[in-house]
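A.B. asks: Please see the structure below; I have some questions.
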Amino acid sequence: TPEHEAAVTDTPDTPDMLKRGSDWLEQMRTAHMTSPVEYQRATDPPQVLTVNATFGRTRYEVADELSGGGVTVGSHVWDFLILADDLPEFEPAPADVIVANGRRYEVMNFGPDRAWRWSDAFRQTYRIHTKDIGAAPGGST
């Protein structure tokens, strides 16, 4: 009804409703779906931060159309969702390393894209693309 439409569009809080919902989801993800990881900047000397991260995975497929064989190869990259506020003063960059569950994951560009993308519309969380590069020395974090 026209009265209902006016009530929805004229509410001063309407533009912030999605932001508040996104904030709440990020708080719940951080509180209940994260584990501590060690983020190591590829600097000299290395900068090391312990932050909370949610583990994820991005699958992709590449079709070999040049050979005419119709072969499709699939794989994945390991992703880590980390609050942008937890990585102050820098953005994730290739060659940085995340240590989690006794494994090392090197931050890498994902195809033509950069090494990370925003995980949410309000730019609160990085989705950082990595590859598993082996066991962490001493099985740390």
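A.B. asks: Expressed in nm to one decimal, what extension gain is obtained for the pair Arg123 and Asp16 from 0.36 nm per residue of sequence separation less their Cα-Cα distance?
C.D. replies: 37.1 nm
A.B. asks: Okay, next question. Using a Förster radius of 30 Å, what is the FRET efficiency between Asp86 and Asp64 based on their Cβ-Cβ separation? Nearest 0.05, please.
C.D. replies: FRET efficiency, Asp86 to Asp64: 0.15.
A.B. asks: Decide, for segment 26-141, between rounded, prolate and oblate: order the square roots of the alpha carbon gyration tensor eigenvalues as a ≥ b ≥ c, take rounded if a/c falls under 1.5, and otherwise choose prolate if a/b is larger than b/c, else oblate.
C.D. replies: Prolate, because a/c is 1.5 or more and a/b exceeds b/c.
A.B. asks: While we're here: Could you do me a favour and compute the accessible area per residue for segment 19-141, 1.4 Å probe, result in Å²?
C.D. replies: Here the per-residue accessible area is 60 Å².
A.B. asks: On alpha carbon coordinates alone, what is the Rg over Rh value for segment 73-141, Rh being the Kirkwood radius?
C.D. replies: 0.99
The values are calculated or read from the model by the stated rules, or taken from the named source; none is laboratory data. Since this is a predicted model, take the numbers as computed values, not measurements. With ideal geometry, Cβ positions are generated from the backbone for all residues, glycine too; neighbour counts draw on all protein chains shown. Ligands, DNA and RNA are excluded from the accessible area calculation, which covers all protein heavy atoms including side chains. Shrake-Rupley method; radii C 1.70, N 1.55, O 1.52, S 1.80 Å.
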